[in-house]
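The values are calculated or read from the model by the stated rules, or taken from the named source; none is laboratory data. This is a predicted model, so every value here is computed, not measured. Neighbour counts are summed over all protein chains in view; Cβ atoms, including those assigned to glycine, are modelled from backbone coordinates with ideal geometry. Side chains included, ligands, DNA and RNA excluded: accessible areas come from the protein's heavy atoms. Shrake-Rupley method; radii C 1.70, N 1.55, O 1.52, S 1.80 Å.
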Amino acid sequence: MAVDLLLGLQWGDEGKGKIVDVLTKNYDIIARFQGGPNAGHTLEFDGIKHVLRTIPSGIFHNKSVNVIGNGVVIDPVVFVKELEGLKPFNIDYKSKLLISRKAHLILPTHRLLDAASEAAKGKAKIGSTLKGIGPTYMDKTGRNGIRVGDIEMDGWKEKYRALADKHESLIYFYKVDIQYDLDEMEKEFFEAIEILKSLKFIDSEEYLRDAIKKGKSILAEGAQGSLLDIDFGTYPYVTSSNTTAAGACTGLGIAPTMIKEVYGIFKAYTTRVGSGPFPTELLDDVGAKMAKIGNEFGAVTGRPRRCGWLDLVALKYTCAINGVTQLMMMKSDVLSGFDSLKICTAYNYKGDIIKHLPYTIEEEYVTPIYTEMKGWKQDLTKMSDTAQFPQELNDYIHFLEKELEIAIKIISVGPDRTQTILR
Ligand code: GDP
Ligand code: IMO
Ligand code: MG
C-alpha cells in the first residue's frame, strides 16, 4: 500500500476540502501535512456547509482516521472552535483525530507579530490571513518554537513566557499601533491548551510508517496552493511552508518512495486572495462575473478573491514541481455563460515569448498570451455524467490535457459532494 497526495496547483482555495471529502471513502487515513488555520477547506453535503481549518477533511467519514502531521502549525484557540463545530455531528474525534507531537503551536503573540509585521510593511504587505503563520514557522526554523509534545512535559510554561516576552519586545520594535489585551488572549489560549490535551498525541511519523507496513492506505492533504509555496511560489507573496509535494514528506515523515498518486487540483479559472502578482487577473466585468458566479470570497477572512483566466504557464510549472499524476478540474460550472473563454499559454516576458515561469511574474515584466475558445451556455450543476457535457466543455478539457500532458480525472460541477463527475 502507498500514500497518495492531494494538493492545490494555484494560489489556494482550489476545492481541496471538497475532493478530500469525496475521496476519503477510498482511504484508511487522511493526513494534513502543512499550513495551519490560514487554510479554510470547505465541504458541502446534505445541505450543510463546513469549513475546516486545521482538521483534515476526512473527519466526517466514520471509517477513516485523521492525522494532523508534524508540518502543521496549530492554534489551540482556533482548533477548539473547530472541534465545537463538529459537536452536532457526533464525531468521535477522541479516537478519530490524532495529533503529531512534533506539530508547532501558534501562540497569541505569533498572531500579534503577524499583525505588526504586516502593518509595518504598509503597501508592500503580503496580505496574510493574520493567523500567526509566518511568525510560527520563523520560530520553528529559528529553533525557538513550542511543539505539541512540549505541553506534555514539565516546565513548558517557562519556555512559553520567555518566548512570549521576546515577542512583545519585537512587537514594540515594529513601532506600529497594535492594540491588544495579552492577558485575555492568554486566558483563552491556556483554556484551549487544556482541551487540546484531551486529544490523542502521537509520534505521527512512526504511526504512519506502521500503518503503511500494515497495508493501510493514506491520503495526504495539502493546504494553500503550489504558487504560495515558500520556495517555488511567487515569493515574497507566499505562505511560510512548502505546499508542494516535498512538503508531504517533511510534513508527515513519509519517504518519497512511498508516494504513488499525486492528485493536482485546479480551478477551471484562477483566483488569488491577498497581495502579489497575478498575470491573468481580470479587473473588468468578466472578472467580476466570475467572482459573483463562483462566490469568490475567502473562507477564512471573507476577503473578495481576485479572479482571472486559467494560466497554463503557471499550471505546467506546478504540475512539474509536484510530479502530478492526475488532475482534477474544479468549479467548471462557474464558466457556463461566457461567450468565449481565454487560456494563457505563454508569456511575453521582457519582449520574449516564453512558456516557462520566469523568476518574477510582476505585471511590469509579464503580459499573458491567450488562446481563445468558444464558451458554453448549459448549466453543468445538475449533470452527473460526462456524456451530458457540452462539446465546448469537452474541447476545453481536451485542450488542457494536451497542453499539460496529464489526464483530468475529475470534473467538479458544484460545491456539493455529489456534484463530482469521474472521467
Ligand atoms: P480549499 O481551500 O481548496 O478547500 O477551497 P475553499 O473551500 O477555500 O474554496 C473552494 C470554494 O468553492 C468553496 O466555497 C467550495 O464549496 C466551492 N466549490 C468547490 N468545488 C466547487 C465546484 O465545482 N463548483 C462550485 N460552484 N463551487 C465549488
Ligand atoms: P487554503 O488551504 C488561499 C494566502 C494569503 C496571503 C498569503 C500569506 O484554504 O487553500 P499567510 O496567512 O499564510 O501568512 O498568508 O497566502 N493564503 C491563502 N490563500 N487559500 C489558502 O489556504 C491560503 N492560506 C494563505 O491570502 O496572500
Ligand atoms: Mg480555502
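Here are the numbers:
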read-out: Residue among Ile55, Ile68, Ile30 that is more than 14 Å from ligand 1 (Cβ to nearest atom) and touching a strand residue (DSSP E or B) at 6+ places or on another chain (Cβ under 9 Å); value: Ile68
read-out: Among residues of the range 71-104, those that are within 15 Å of Ser57 (Cα to Cα) and small (Gly, Ala, Ser), counted; value: 1
read-out: Those residues of the range 195-214 which are of a type outside the set (A, V, I, L, M, F, W, C) and in a loop (DSSP other than H, G, I, E, B), in sequence order; value: Lys197, Ser198, Asp203, Lys214
read-out: Number of positions in the range 123-158 that are within 16 Å of ligand 3 (Cβ to nearest atom) and in a helix (DSSP H, G or I); value: 1
read-out: Pick from the range 316-333, criterion surrounded by 21 or more Cβ atoms within 10 Å (Cβ to Cβ) and of a type in the set (D, E, K, R), ranking: nearest to Asp13 (Cα to Cα); value: Lys331
read-out: Unique match (being of a type in the set (Lys, Arg) and surrounded by 15 or more Cβ atoms within 10 Å (Cβ to Cβ)) among Lys175, Lys131, Lys157; value: Lys131
read-out: Filtered residues of the range 1-37 (kept if part of a loop (DSSP other than H, G, I, E, B) and of a type outside the set (A, V, I, L, M)); value: Gln10, Trp11, Gly12, Asp13, Glu14, Gly15, Tyr27, Asp28, Phe33, Gln34, Gly36, Pro37
read-out: Candidate set from the range 297-314 (those that are touching a helix residue (DSSP H, G or I) at 6+ places or on another chain (Cβ under 7 Å) and either away from ligand 2 (no atom under 16 Å from the Cβ) or open to solvent by less than 20 Å² (accessible area, probe 1.4 Å) (or both)); member that is nearest to Leu9 (Cα to Cα); value: Ala314
read-out: Where Thr270 falls short, out of the listed (1) over 22 Å from Thr381 (Cα atoms); (2) modelled with pLDDT of 95 or more; value: (1)
read-out: Matching residues, the range 38-49, being in a loop (DSSP other than H, G, I, E, B) and within 12 Å of ligand 2 (Cβ to nearest atom); value: Asn38, Ala39, Gly40
read-out: Boolean, Val324 is β-branched (Val, Ile, Thr), away from ligand 1 (no atom under 15 Å from the Cβ), part of a loop (DSSP other than H, G, I, E, B) and at pLDDT 95 or above; value: yes
read-out: Of all residues making up the range 35-52, the number that are touching a strand residue (DSSP E or B) at 6+ places or on another chain (Cβ under 6 Å) and in contact (Cβ under 8 Å) with a residue 60 or more places away in the chain; value: 7
read-out: Unmet requirement for Arg147, which otherwise passes all of (1) within 28 Å of Leu228 (Cβ to Cβ); (2) in contact (Cβ under 8 Å) with a residue 60 or more places away in the chain; (3) touching a Ser or Thr at 6+ places or on another chain (Cβ under 9 Å); value: (2)
read-out: The range 288-301 residues that are under 26 Å from Asp75 (Cβ atoms), paired with ones that are more than 16 Å from ligand 3 (Cβ to nearest atom) and at pLDDT 95 or above (beta carbon under 9 Å, 6 or more apart); value: Glu296/Met290
